[in-house]
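Peer 1: Take this structure, written in structure tokens, and hold onto it; I'll ask about it next.
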Amino acid sequence: MIGTDFVAKGINVSSRIIGGVAYIYMEDKKELVQFNEVGSFVWSCVTGTKRVEQIVVLCQEQYDDPSGQIPEAITDFLGELEKEGFVVSSATEFEGVMTND
Amino acid sequence: MIDKIDVRDMTGMARREIIPISVLVEVCYTCNQNCVHCCLGSHAKKGLRLDQYRQLFVQLAQAGTFFVILTGGEPFTRPDFLDIVKAARKQRLSVTIFTNGTLLIPSIISELKALYVQEVHVSIYSANPEIHDSITGMPGSFQTSTDNIQRMLDEGIGVRIKCPLMNRTADGLEKLKRLARDLGVMIQFTNVITAKNNGDSSTHQLRLTKEQLGSLLADGEAFPYAREPVHFKDNMDCTPCDTVFNGGAIDPCGNVYPCNQWQVKGGNVLETPFLEIWRNAPEFVELRNMRLRHLKQCGTCDLFEFCSRCPGLAMLEDGDLCGCSEAAKSLAEVRRGLDIYPTQSNIFSKI
């Protein structure tokens with residue numbers, strides 16, 4: 001995954017954001033997880049229509065980042081999500097057949 | 001940033017926040033079988049239109065619903081049922097399907113796999129094909145259903161067998177467990193044969209006898225039980241059931257209930273948005289204010305700790321939401337004789 005890639009939630013996940021907390025069920029792994037506040041915000045940005053670098057900017061707008069760690073932390077987090085099968089990335093925008101939370 | 005959680009963490013949160021986290025949607029009452037124990041008084045209702053289900057799932061997502069159970073009747077009698085599943089998945093709802101499994105042609109099974117449904121629950125009543133078919137009224141149904149279970153498993157779809165036991169099938173418990181083991185699926189038994197949803201109690205004659213219940217309830221594998229009571233009379237401020245906080249059921253006409261067995265209508269999704277019904281229907285608000293202490297006999301009943309009373313069934317079968325449920329009482333008597341108690345999960349109420 002690189003900064004210009006678009007990111008979408010995997011078709012294998014069910015998810016809902018309730019009270020600012022993202023709950024995600026991996027249908028293939030039968031695993032239920034919740035994200036912390038920042039993770040939930042990132043998850044809300046994963047719509048298939050935003051690039052990694054755009055999500056980073058949205059996080060910078062949302063949270064203070066005096067030490068400048070957000071770009072690397074968010075990019076790493078999205079990479080981890082892709083590795084674990086929560087999200088998929090593509091050089092082109094997703095059609096968005098399953099974009100709602 | 002990621003924490004694994006148990007589904008009970010989520011349902012507990014939903015209960016506190018009054019979020020209908022798991023909603024049962026009956027997409028039709030039509031069925032291709034004619035089961036002797038069926039709880040439906042009529043099979044005429046064909047369900048809402050596909051576009052109405054699309055709207056409904058948007059509303060459920062907005063209400064915070066995470067899990068939907070799609071059932072009938074037999075949901076696959078609807079030619080557009082897969083489109084209904086797609087509409088639910090489009091809203092990222094986790095979908096479980098209740099079916100008799102007889103209409104699952106290979107192309108449907110492939111689609112279910114591609115849609116990542118959470119689980120498909122198939123009703124099997126006996127490991128003896130003749131007995132199963134005599135219950136469904138459909139010759140060959142056992143073979144078709146079990147063949148399709150195997151096909152789904154081959155595709156990697158999660159399958160569970162659901163089995164309501166009746167007096168004519170009780171002696172086949174071990175064979176049913178073996179069938180499930182051989183197939184490699186979980187099997188979920190129930191001793192509950194309810195009256196029909198129109199109040200017709202003719203199905204009660206199919207219920208397990210007390211002797212059969214005594215033998216079956218002692219089988220902790222089939223019917224999990226607790227060795228110590230988890231249900232105390234000093235918890236009388238608890239609610240009789242959680243489903244009116246974190247559940248919900250919608251019938252084929254769009255009527256909203258706390259549960260498909262708890263026939264208190266809060267409204268209709270064709271007239272009022274689901275969330276408004278769920279949060280504000282006076283009928284539901286009143287049910288949420290119900291406490292165990294409001295139940296007429298429970299506080300003085302010496303079977304209390306053994307009882308897993310369902311308020312919906314008490315209302316449907318005994319005509320009194322706050323009264324004694326004869327079916328629950330009968331079961332509690334058997335548990336007391338065995339010195340076993342219901343588990344937290346089959347009491348349902350928040351303790």
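Peer 1: For segment B:1-54, name all the residues that are acidic (Asp, Glu), within 14 Å of chain A (Cβ to nearest Cβ) and either on the phi > 0 side of the Ramachandran plot or not in a helix (DSSP H, G or I) (or both).
Peer 2: B:3, B:6, listed by residue number.
Peer 1: For segment A:14-31, how many residues meet the condition of being surrounded by 20 or more Cβ atoms within 10 Å (Cβ to Cβ) and touching a residue at least 40 places away in the same chain (Cβ under 8 Å)?
Peer 2: Qualifying residue count, segment A:14-31: 4.
Peer 1: Considering (1) aliphatic (A, V, I, L, M); (2) under 28 Å from residue A:33 (Cα atoms); (3) away from chain A (no Cβ under 14 Å); (4) surrounded by 21 or more Cβ atoms within 10 Å (Cβ to Cβ), say which one residue B:120 fails and leave the rest.
Peer 2: The one condition residue B:120 does not meet is (3).
Peer 1: Also, I was wondering about something else. Return the residue satisfying two criteria in turn: it lies in segment B:91-111 and is farther than 21 Å from residue B:29 by Cα and within 14 Å of chain A (Cβ to nearest Cβ), and of such residues it is surrounded by the fewest Cβ atoms within 10 Å (Cβ to Cβ).
Peer 2: Only one residue tops the list, namely B:111.
Peer 1: Quick one: in segment B:134-168, of everything that is surrounded by fewer than 23 Cβ atoms within 10 Å (Cβ to Cβ) and among the hydroxyl-bearing types (Ser, Thr, Tyr), which residue is nearest to residue B:214 (Cα to Cα)?
Peer 2: Among residues in segment B:134-168 that are surrounded by fewer than 23 Cβ atoms within 10 Å (Cβ to Cβ) and among the hydroxyl-bearing types (Ser, Thr, Tyr), the one nearest to residue B:214 (Cα to Cα) is B:134.
Peer 1: Mind checking which residues of segment B:209-224 are more than 12 Å from residue B:191 (Cβ to Cβ) and either in contact with a Leu (Cβ under 6 Å, 6 or more places away or on another chain) or assigned to a loop (DSSP other than H, G, I, E, B) (or both)?
Peer 2: B:218, B:220, B:221, B:224 - these are the residues of segment B:209-224 that are more than 12 Å from residue B:191 (Cβ to Cβ) and either in contact with a Leu (Cβ under 6 Å, 6 or more places away or on another chain) or assigned to a loop (DSSP other than H, G, I, E, B) (or both).
Peer 1: Also: Working only within segment A:1-29, note down all residues that are part of a strand (DSSP E or B), within 8 Å of chain B (Cβ to nearest Cβ), under 25 Å from residue B:112 (Cα atoms) and touching a Gly at 6+ places or on another chain (Cβ under 7 Å).
Peer 2: Answer for segment A:1-29, where residues must be part of a strand (DSSP E or B), within 8 Å of chain B (Cβ to nearest Cβ), under 25 Å from residue B:112 (Cα atoms) and touching a Gly at 6+ places or on another chain (Cβ under 7 Å): just A:16.
Peer 1: Please go through segment B:172-185 and pick out each residue that is without any contact (Cβ under 8 Å) to a residue 40 or more places away in the chain and not aliphatic (A, V, I, L, M).
Peer 2: Correct list: B:174, B:181, B:182, B:184.
Peer 1: Could you list, ordered by first residue, the pairs with Cβ atoms under 7 Å in which the first is in segment B:290-306 and more than 18 Å from residue B:319 (Cβ to Cβ) and the second is in a helix (DSSP H, G or I) and among the acidic types (Asp, Glu), at least 6 apart or interchain?
Peer 2: Between residues of segment B:290-306 that are more than 18 Å from residue B:319 (Cβ to Cβ) and residues that are in a helix (DSSP H, G or I) and among the acidic types (Asp, Glu), the close pairs are B:303/B:333.
Peer 1: For segment B:55-80, how many residues meet the condition of being in a helix (DSSP H, G or I) and of a type in the set (Val, Ile, Thr)?
Peer 2: The total comes to 2.
Peer 1: Within segment B:238-251, is there a residue that is in contact with a Pro (Cβ under 8 Å, 6 or more places away or on another chain), among the hydroxyl-bearing types (Ser, Thr, Tyr) and surrounded by 15 or more Cβ atoms within 10 Å (Cβ to Cβ)?
Peer 2: Yes, that holds for at least one residue.
Peer 1: If you check every pair at least six apart or on different chains, which have Cβ atoms under 7 Å apart with a residue in segment B:196-211 that is on the phi > 0 side of the Ramachandran plot first and a residue that is surrounded by 14 or more Cβ atoms within 10 Å (Cβ to Cβ) second?
Peer 2: B:199/B:316
Peer 1: Output yes when any residue across segment B:41-54 is in contact (Cβ under 8 Å) with a residue 12 or more places away in the chain, farther than 22 Å from residue B:274 by Cα and among the polar types (S, T, N, Q), and no when none is.
Peer 2: Looking for residues that are in contact (Cβ under 8 Å) with a residue 12 or more places away in the chain, farther than 22 Å from residue B:274 by Cα and among the polar types (S, T, N, Q), one finds at least one in segment B:41-54, hence yes.
Peer 1: Mind telling me which of the residues B:336, B:309 ends up being touching a Ser or Thr at 6+ places or on another chain (Cβ under 8 Å) and within 26 Å of residue B:222 (Cα to Cα)?
Peer 2: B:309
Peer 1: Which one of the conditions (1) within 14 Å of chain A (Cβ to nearest Cβ); (2) outside any helix (DSSP H, G or I); (3) of a type in the set (Val, Ile, Thr) does residue B:161 fail to meet, given that it meets all the rest?
Peer 2: (1)
Peer 1: I'd like to check something: does segment B:264-271 contain any residue that is assigned to a helix (DSSP H, G or I) and of a type outside the set (A, V, I, L, M)?
Peer 2: no
Peer 1: Can you tell me which of B:66, B:76 is buried (at least 18 other Cβ atoms within 10 Å of the Cβ) and within 11 Å of chain A (Cβ to nearest Cβ)?
Peer 2: Sole residue among the options that is buried (at least 18 other Cβ atoms within 10 Å of the Cβ) and within 11 Å of chain A (Cβ to nearest Cβ): B:66.
Peer 1: Let me ask something else. Scan A:88, A:42 and give me the residue that is away from chain B (no Cβ under 13 Å) and under 11 Å from the mean Cα position of the chain (by Cα).
Peer 2: A:88
Peer 1: Still on this model: Just checking, does segment A:49-56 include any residue being touching a helix residue (DSSP H, G or I) at 6+ places or on another chain (Cβ under 9 Å) and without any contact (Cβ under 8 Å) to a residue 40 or more places away in the chain?
Peer 2: Yes, because at least one residue in segment A:49-56 is touching a helix residue (DSSP H, G or I) at 6+ places or on another chain (Cβ under 9 Å) and without any contact (Cβ under 8 Å) to a residue 40 or more places away in the chain.
Peer 1: Could you please let me know if residue B:281 is over 19 Å from the mean Cα position of the chain (by Cα) and either crowded, with 16+ Cβ neighbours inside 10 Å or among the hydroxyl-bearing types (Ser, Thr, Tyr) (or both)?
Peer 2: For residue B:281, the condition - over 19 Å from the mean Cα position of the chain (by Cα) and either crowded, with 16+ Cβ neighbours inside 10 Å or among the hydroxyl-bearing types (Ser, Thr, Tyr) (or both) - is met.
Peer 1: So, in segment B:38-53, how many residues would count as being modelled with pLDDT of 95 or more and surrounded by fewer than 18 Cβ atoms within 10 Å (Cβ to Cβ)?
Peer 2: Residues flagged as modelled with pLDDT of 95 or more and surrounded by fewer than 18 Cβ atoms within 10 Å (Cβ to Cβ) within segment B:38-53 amount to 4.
The values are calculated or read from the model by the stated rules, or taken from the named source; none is laboratory data. Since this is a predicted model, take the numbers as computed values, not measurements. Cβ sites come from the backbone with ideal geometry, for glycine too, and all protein chains shown count toward neighbours.
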